[in-house]
Amino acid sequence: MSRIKIFDTTLRDGEQSPGCSMNLKEKIEVAKCLERLKVDVIEAGFAISSPGDFESVSTIASTVKDCTIASLARATAKDIDCAWDAVKHAADPRIHLFIATSPLHMEYKLRMSPDQVLQRTEEMVKRAKGYVSNIEFSAEDATRSDVDFLCRVVDIAIRCGATVINLPDTVGYTTPDEMRQLIATVMERVPGSDKAEFSVHCHNDLGMAVANSLGGVMGGARQIECTINGLGERAGNTSLEEVVMAMRTRPDIFGEETTRIDTTQIARASRTVYSIIGQTAPLNKPIVGRNAFLHESGIHQHGVLANKKTYEILTPEAVGIRTANLVLGKHSGRHAFADHLQSMGYELTDEELTRVFEEFKALCDKKKDVSDRDIEALVTHSTTVAEQEVGGYHLDWFAVQTTNFTTATSTVSLKKGEERFEAVSLGDGPIDAAFQAIDNIVKPIPHTFDVFRIDSTSEGKDTLGDVRIKLQAEGRTFSGHGLSTDIFEASIVAYIQALNRLGAWVEKQNSGE
Ligand code: KIV
Ligand code: ZN
């Protein structure tokens, strides 16, 4: 089988789903993960949907060098012009335009006749072609479209210069064999189909997105659209890690080296995306869930001890999960620490290394065993702290007093530059009291909590508390991250960071920048 391209839409279809929105910095972090994974195409966003989306598509286009960068566009002149503006600085830019082709969508959503859809396809693919040669055309709701009509639309798109034809299962309705047949039929019936690459884009409403994508590949598709952790509209999209590992595990069906993905980057990419959206993988999530490689039952353990292959069809190492324990500790030097970070895939500047090393040493004083997960959390946290907006508030000290028979109280002291501010508050528990004390100092604009999660980075009582907060205000999200063996401290630090970002944004709005 020839090579299958991986088109990642975590930053578009994934990011547009509720609870998954990301800010610019987070999107760039995800784009870097995708580049390390070696995906072929990054759909960086839907440029016309908001100024923020435009900015992130164009920043990613000029940052990422080793992937095609696509922006989504409806089949309208304004969308296409804007998409081009956003991707034009990419090393390999692509415009991805779409129009619905199913009777339901044409009648009720577009209010267009089939002939109008054909005409619009012709005009808009030509318009996009005027900008760039790399054009993807998607027939939205293809799996519920009339096949004869779908072939006519695809025929026109290819004649006008589309180089990739995507047939999405927009509502997650199809089955693997139906998808195989659809791709094979359209490729067979459209005379110029050899001039384009066919692509599948499946949603997971019935839990079949990965299987349907593989069905499409069996029918002749050579591009799979997917997302990290299967994020996406409603029940999500095809999960990148699952579809890639399925092909890699079955070379007898899909061939050797089917994709160019560096699978050892999968675990890190998955954790990065989960941590940005403030979630963790469900325990039994294939490939990246905590239980995915555990063998608990006696029969399984016995088999695995005798020969791993009895119950293990892929290894944790293949997806970048390190099973060997860390040998670093209190007495490890900076050199050994740097080597270890490098073996984990991190490349830090001298300044970053100094900061993380100091935090590592401090942690060794509090915690007996420092795991790779702890180190990964230290690196992530240290970079977010370093990027913290200059001029924001910082925690000076805090005190909480709580019992199960009195109202909790908290006193917080914050510093901003050389100034110090103190406030005290009662609350519905110590964290509520501390957050109210902080509010009394910072006086933020009204906001809600989208995410407030406290996770542990490893097992044991002395684990690090890894706190993620996402605040919503004025339709935007402001995230904060705190990490400490003390969960009150981690929560307070995360909240202050999110408020600093909110405050910086409000200031920018007010200054009219
Ligand atoms: O699900 C879908 O049909 C899409 C298209 C815009 C490609 O996301
Ligand atoms: Zn979609």
Within the stretch 431-477, tally of residues that are in a loop (DSSP other than H, G, I, E, B), over 24 Å from the mean Cα position of the chain (by Cα) and either of a type in the set (S, T, N, Q) or crowded, with 21+ Cβ neighbours inside 10 Å (or both):
1
Candidates 50, 58, filtered to the one that is at pLDDT 95 or above, of a type in the set (S, T, N, Q) and away from ligand 2 (no atom under 16 Å from the Cβ):
58
From the options 269, 235, 211, residue that is within 24 Å of residue 168 (Cβ to Cβ), more than 16 Å from the chain's Cα centre (by Cα) and either of a type outside the set (Lys, Arg) or not assigned by TED's automatic domain parsing to the domain that holds residue 189 (or both)
211
Kindly provide the set of residues from the stretch 168-181 that are touching a Gly at 6+ places or on another chain (Cβ under 9 Å) and away from ligand 2 (no atom under 12 Å from the Cβ), ordered by number.
174, 175, 176, 177, 178, 179, 180, 181
Out of all the residues in the stretch 483-491, is one or more over 19 Å from residue 274 (Cβ atoms), of a type outside the set (D, E, K, R) and assigned to a strand (DSSP E or B)?
yes
When the stretch 153-173 is examined, which residues are found to be of a type in the set (A, V, I, L, M, F, W, C) and either near ligand 1 (Cβ under 9 Å from one of its atoms) or touching a helix residue (DSSP H, G or I) at 6+ places or on another chain (Cβ under 8 Å) (or both)?
153, 154, 156, 157, 158, 160, 162, 165, 167, 171
With the condition kept exactly as written, say whether any residue in the stretch 417-432 is basic (Lys, Arg), in contact with a Gly (Cβ under 7 Å, 6 or more places away or on another chain) and either over 30 Å from residue 510 (Cα atoms) or not assigned by TED's automatic domain parsing to the domain that holds residue 347 (or both).
no
Condition test on residue 185, is it of a type in the set (Ser, Thr, Tyr), surrounded by fewer than 22 Cβ atoms within 10 Å (Cβ to Cβ) and under 30 Å from the mean Cα position of the chain (by Cα)?
no
Is it the case, given these coordinates, that residue 21 is within 16 Å of ligand 1 (Cβ to nearest atom), under 15 Å from the mean Cα position of the chain (by Cα) and either part of a helix (DSSP H, G or I) or surrounded by fewer than 24 Cβ atoms within 10 Å (Cβ to Cβ) (or both)?
no
When residue 361 is run through (1) over 20 Å from residue 33 (Cα atoms); (2) part of a helix (DSSP H, G or I); (3) without any contact (Cβ under 8 Å) to a residue 24 or more places away in the chain, the failure sits at (3)
Which numbered condition residue 128 fails, given (1) touching an Asp or Glu at 6+ places or on another chain (Cβ under 7 Å); (2) closer than 28 Å to residue 3 by Cβ; (3) surrounded by 18 or more Cβ atoms within 10 Å (Cβ to Cβ)
(1)
If we keep just the residues of the stretch 201-241 that are part of a loop (DSSP other than H, G, I, E, B) and small (Gly, Ala, Ser), which is nearest to ligand 1 (Cβ to nearest atom)?
232
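The values are calculated or read from the model by the stated rules, or taken from the named source; none is laboratory data. It should be emphasised that the depicted structure is a prediction, and the values quoted were computed from it without experimental measurement. All Cβ positions, glycine included, derive from the backbone under ideal geometry; neighbour counts span all protein chains shown.
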